[in-house]
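Structure, as structure tokens:
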Amino acid sequence: MSELQRAWARQKVALPGDRFGEVDEEQEVDYVPELPEHAEHPDDDSSSASSVSSTGTIIPSPTQRLFARPQGVSRGKNLEQIPWTTYFERELYLSPETSPGLTYHAYLTSPTEKGPLFVMHHGAGSSGLSFALIGSEIRKRLPNAGILSIDCRGHGLTTTAGGEALDLRLDTLSSDLHATIELAKAKMGWGQLPPVMLVGHSLGGAVVTDLAKTGLLGTALLGYAVLDVVEGSAMDALQSMQTYLSTRPAGFSSLQTGIEWHVRTRTLRNSTSARTSVPGLLVRDEHADTSRPWRWRTNLAATQPFWEDWFVGLSKKFLEARGGKMLLLAGTDRLDTELTIGQMQGKYALQVFPEAGHFIHEDLPERTAVTLVDFYRRNDRSTLVLPPKVSDLLAQGKRV
């Protein structure tokens, strides 16, 4: 601005004779204020969303995130494997005398001071490490709780006799789960089973429901929680399962590449959980393509003959089995008619996490743990105060 223009401006607005308060023109050019941090209240629709500067630049609100990178793995993110010892105190190899060649594998953190035992069963293609993070979160809120997370047959480090045909019938898996619990009890020298809470994800939900329905755990069973599986939607999803399996990679160049794929595709939405659970899904095959030696440990396509057996009749069984019942879903659209009616009749507790994917317990371990701990506390019989029996009162000479 020239001195002549400044003098004219002073006369017009009657400004004092000091220097007109402007920054140099070079300082005015290309200045963009730093965007604010992500707001704590994502639903805030404050005026910043529509504010306009004098040059016509629209300032985006934090919730719009116009310049955010696409969701996936951020640059430089740590994808190194997290060992199972970070979350469990020991691993168990349990061999039943009645089945030579069969060895169950499980991860265990023992309960203390009469605490409950959360028994976890993973879904098809997964492993006991799927519950590593949530087990840790449960113990933060319930320090005396124990966690027993199993590898079912054909998965993880559980092994069967060589040459034995794959048997993943629901009855077999339910029997395996019961045998693992009993063998762990004997191995650890527990005089009796601690109060048991069964938790199953997907296929595991069908297994824990079947075991609850058999009544084999007796009064030790307090309740069971099923994660993101109901009969109707599960049967519908089976129609597209082979298509899904044909689109995923046959192998990976490294464990880190496998972890990255799970996070980038949002199969798992929590990178910390992925770093723990994904290594249990892969095994190095020295005879495979050297560029992708890390292969899937479980051949999911080979389990197709058992798919319907897992889920047919699940809703009816879930509603009829004894014990507290909880269903955790990633969306209410997954409810079928039978479960919708049961929920309206108050036959079970329902919790929905719409922001989670299929692996609710891995995507949102803290919130899922809070839900499960609350579920346990509502069904904990040790806190009940029952009235005395009439016979006991009469024996004490009291009038009834």
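The values are calculated or read from the model by the stated rules, or taken from the named source; none is laboratory data. From a predicted model like this one, the values you see are computed outputs, not experimental measurements. Using ideal geometry, Cβ is built from the backbone for each residue, glycine included, and neighbour counts are taken over all protein chains shown. Ligands, DNA and RNA are excluded from the accessible area calculation, which covers all protein heavy atoms including side chains. Shrake-Rupley method; radii C 1.70, N 1.55, O 1.52, S 1.80 Å.
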message = Over region 226-299, with the other protein chains present, what is the accessible area per residue in square angstrom, probe 1.4 angstrom?
response = 48
Only Lys, Arg (+1) and Asp, Glu (-1) charged, at Cβ; region 310-390 dipole about Cα centre in debye = 620
request  = State the percentage of accessible surface on region 297-400 attributable to carbon and sulfur atoms; use a 1.4 Å probe and exclude ligands, DNA and RNA.
outcome  = 53
key: Surface accessible to a 1.4 Å probe, Trp294 within the full protein complex, Å²   = 50
query = For Lys347, which lysines qualify as cross-link partners when the Cα separation must be under 18 Å and same-chain residues fewer than eight apart are set aside?
reply = Lys213, Lys316, Lys317, Lys325
task = With all protein chains present, calculate the accessible area of Leu335 using a 1.4 Å probe and round the result to the nearest 10 Å².
result = 40
request  = Answer with one residue from Tyr348, Thr368, Leu335: the one whose Cα lies farthest towards the positive end of the charge dipole of region 333-375, charges on Cβ with Lys, Arg +1 and Asp, Glu -1.
outcome  = Tyr348
key: Label zone at Asp285, where the point sits 7 Å out along the Cα-to-Cβ direction: region 84-119 residues whose backbone N lies under 13 Å   = none
